[in-house]
Amino acid sequence: MNVFDKISSSDRYERCNQIPKRVRWDVEQDAIQGASGSADLGPAGPPTPPYTDHEAAGVTPRRNFFAGVAGAMALGLAGSSMPTTLRAQTTAARSSGSDWPGALKGRYRQVVDAYEANSGFPLAFVYTFLMPNDPANTSAVLVLRHGAFTIALHDAMWQKYKIGESFKIIDPETKAPAVKNPFHRPKAGVLPIDDMALDRLLARGTVVGACNVALNIQSKMLAGNAGVSAEEAAKEWAANVIPGVTVIPSGTWGVNRAQQGGCSYCAGG
């Protein structure tokens, strides 16, 4: 006798109903937790996974992982057919208009959705996507939105508006709240992998968009730190976006456009 024959029709129906109920309950709990949390800075990403004991203690296993990746590259990837160096990636046709990110080239395309600074790991995810692929046949897109937007700003804005202190972003060099952008032109050895720095990713042709919604909301939030009006802060932030980064209407808009351009999706955290 088939195992399903031992279960009555009514029992099977009830068991099937339990699955969407549990899923619906999880979604409702996420919504309740989000509503009771701190003020949002823009479109949020997926719920943050629980921290491990190592992460809670300030030890980041991922840093060791990426250090291992760099070591593997130095050894020529142990005879792998993957390229041992990251040559300059073929630059995609850039656009600051409604057709951003422009025409993406190559068979391998991915967008990293950075919705939190996450110790710079969204940049590392771009790097590890580029690393094993042929640069001539690869396009990488990075969207800086929500809590990751300030990665797009020059050092002067970090200091003037106290970005590190306000958003609890630690400079890995000083181990203190960042007073400069720790992910752009850092000293050698500061980041887990030097080539994950924003300036180096831009030099390899990564297409980078920064959320205009986050720019306006966050500059308004921190305007008081600099003693300026919200309007003045927004103008100053817009003028201090790192060259090569395009300010786009919104981060979620950019993620959608990149996927329409053939990119697979990677959550940057």
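Within segment 120-147, residues that are touching a residue at least 12 places away in the same chain (Cβ under 8 Å) and surrounded by 24 or more Cβ atoms within 10 Å (Cβ to Cβ) reach partners that are of a type in the set (Asp, Glu) and part of a helix (DSSP H, G or I) with beta carbons closer than 8 Å, at six or more positions or on different chains, in the pairs Tyr127/Asp195. Condition check for Ala226 on (1) buried (at least 19 other Cβ atoms within 10 Å of the Cβ); (2) at pLDDT 95 or above: one failure, at (1). Here are some residues: Ala156, Ala117. Which one is among the hydrophobic types (A, V, I, L, M, F, W, C) and surrounded by fewer than 24 Cβ atoms within 10 Å (Cβ to Cβ)? The unique qualifying residue is Ala156.
If you filter segment 196-221 down to residues that are surrounded by fewer than 18 Cβ atoms within 10 Å (Cβ to Cβ) and farther than 16 Å from Trp158 by Cα, you find that the one that is farthest from the chain's Cα centre (by Cα) is Ala203.
The values are calculated or read from the model by the stated rules, or taken from the named source; none is laboratory data. Everything numeric in this text was worked out from a predicted model, so none of it was measured. Heads up, the Cβs are rebuilt from the backbone with ideal geometry, glycines too, and the neighbour counts pull from every protein chain shown.
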